[in-house]
């Protein structure tokens, strides 16, 4: 099947080996059942139900992004709340903000354009800290 050839080409080109025993497949609900069954049979990879998140990122973004990205704002709020209890100099606070609070959304930003409310929330949290 052509998909197997594509994976072999990927391995050759990238130098990365796909471990089929550790892999699983997620298919769109729009894909015909016969097609994904053929792919699973040829590659000998298990089909899994679509997870909500993969590597901490959502696989599907609903129209309302507020709920999707609110967990990141919550993580930053939790971090800054814990820091308020400590006696820190201005320099110490600045280092914490730059090293932790600003770094938390970087991975998400590599895949998604974050909405304006997200930046307003983060700016507010950091300013209050």
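Readers should treat all values here as calculations from the given coordinates under stated rules, not as data from a laboratory. What you see is a predicted model; the values in this text were computed from it and never measured. So basically every Cβ, Gly included, is an ideal-geometry build from the backbone, and we count neighbours across all protein chains shown.
In nm, to one decimal, how far is the residue 32 label point from the residue 19 one, both placed 7 Å along Cα→Cβ?
Distance between label points: 3.5 nm.
Order these by the 10 Å Cβ neighbour count, fewest first: 6, 72.
Arranged by neighbour count, lowest to highest, 6, 72 become 6, 72.
Please state the shape class of region 2-47: rounded when a/c is under 1.5, otherwise prolate if a/b exceeds b/c and oblate if not, all from the C-alpha gyration tensor.
Since a/c reaches 1.5 and a/b is larger than b/c, the shape of region 2-47 is classed as prolate.
Residue 79 to residue 10: extension gain in nm, 0.36 nm per residue of separation minus the Cα-Cα distance?
Value of the extension gain: 20.8 nm.
Only counting other Cβ atoms within 10 Å, I'd like 95, 73 sorted with the fewest neighbours first.
Lowest to highest Cβ neighbour count: 95, 73.
Do the sum for the chain: with -39,500 (n - 2.57) for every DSSP H run of n ≥ 4, divided by all residues, what is the mean residue ellipticity at 222 nm, to the nearest 500 deg cm²/dmol?
Computed mean residue ellipticity for the chain: -16000 deg cm²/dmol.
If neighbour count is taken as other Cβ atoms inside 10 Å, put 24, 121 in order from fewest to most.
Ascending Cβ contact count within 10 Å gives the list 24, 121.
(i) 41; (ii) 62; (iii) 54: which one is percent of Cα pairs over 20 Å apart as calculated from this entry?
(ii)
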